[in-house]
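Novice: First, the structure itself, so that you have it in front of you.
The values are calculated or read from the model by the stated rules, or taken from the named source; none is laboratory data. Small disclaimer: the values here were computed from a predicted structure and weren't measured. Cβ placement follows ideal geometry from the backbone for every residue including glycine, while neighbour counts extend to all protein chains displayed.
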Amino acid sequence: MTPHHHPSEEFLLDYASGAATEPFALVVATHLACCAACRAIVAEAEAIGGALLENLPADAAAASLDQDVSAILARASRQAADRRRAPASTLAGPLRDYVADLETAPWRALGPGIHHCVLAKDRQGAAARLLRIAPGRSVFEHGHSGNELTLVLRGGYRAGGTHFQAGDVECADESTSHRPVADEDGICICLAVTDAPLRFRNLLGRAMQTFIGI
């Protein structure tokens, strides 16, 4: 798997610095599991951050470390848990902490041929969720009030004239309006995070939004 579409540098740097909240960190970490190019960017950013930290006064460095220690310990704990898990799962390491497998995830109906499963939320309102879209089905056309990152885990979809397949990430923001359509040859499963409500273009989408909270 060689991804052709990646998270923007902004999201990669937030992840490297520890500034990314759990929903965004989950999407980026899952993409990193299959993308050597983005792993290299994150590694370089972490190295630069480490070098800058070494040059801080002792008190400032200690304060910075205190802020990051809980995130570091949590990440280390997850990595240890990954190593203890049986290798039968085909999910990327970060996802295995949230769901055993894609077939038995607690899917809930989101629309005709579309199901979702919320995995993580943060205090600012961002949420990461799995999306399962039947072959040829489309998500209602919508715009955005904030950011959306969508990582394809299985299958593929087309949006705005661009095709996204396993490992690819689509980045959307307030300037984006699209209508993702799943490929005809199989189910499309994605991991998506949004940090603000979507702006559906049709009445049915807006009516459903009241109940599903996207």
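Novice: Looking at region 119-139, which of its residues are buried (at least 20 other Cβ atoms within 10 Å of the Cβ) and in a loop (DSSP other than H, G, I, E, B)?
Specialist: 126, 139, listed by residue number.
Novice: Still on this model: Any residue at all in region 194-208 that's within 21 Å of residue 35 (Cβ to Cβ), at pLDDT 90 or above and in contact with a His (Cβ under 9 Å, 6 or more places away or on another chain)?
Specialist: For region 194-208, residues within 21 Å of residue 35 (Cβ to Cβ), at pLDDT 90 or above and in contact with a His (Cβ under 9 Å, 6 or more places away or on another chain): absent.
Novice: Scanning for something under 21 Å from residue 34 (Cα atoms), surrounded by fewer than 18 Cβ atoms within 10 Å (Cβ to Cβ) and modelled with pLDDT of 95 or more, does region 74-94 turn up at least one residue?
Specialist: Within region 74-94, not a single residue is under 21 Å from residue 34 (Cα atoms), surrounded by fewer than 18 Cβ atoms within 10 Å (Cβ to Cβ) and modelled with pLDDT of 95 or more.
Novice: Identify all residues within region 151-174 that are at pLDDT 95 or above and not hydrophobic (A, V, I, L, M, F, W, C); write none if there are none.
Specialist: The answer is 154, 155, 156, 157, 158, 162, 163, 165, 167, 168, 170.
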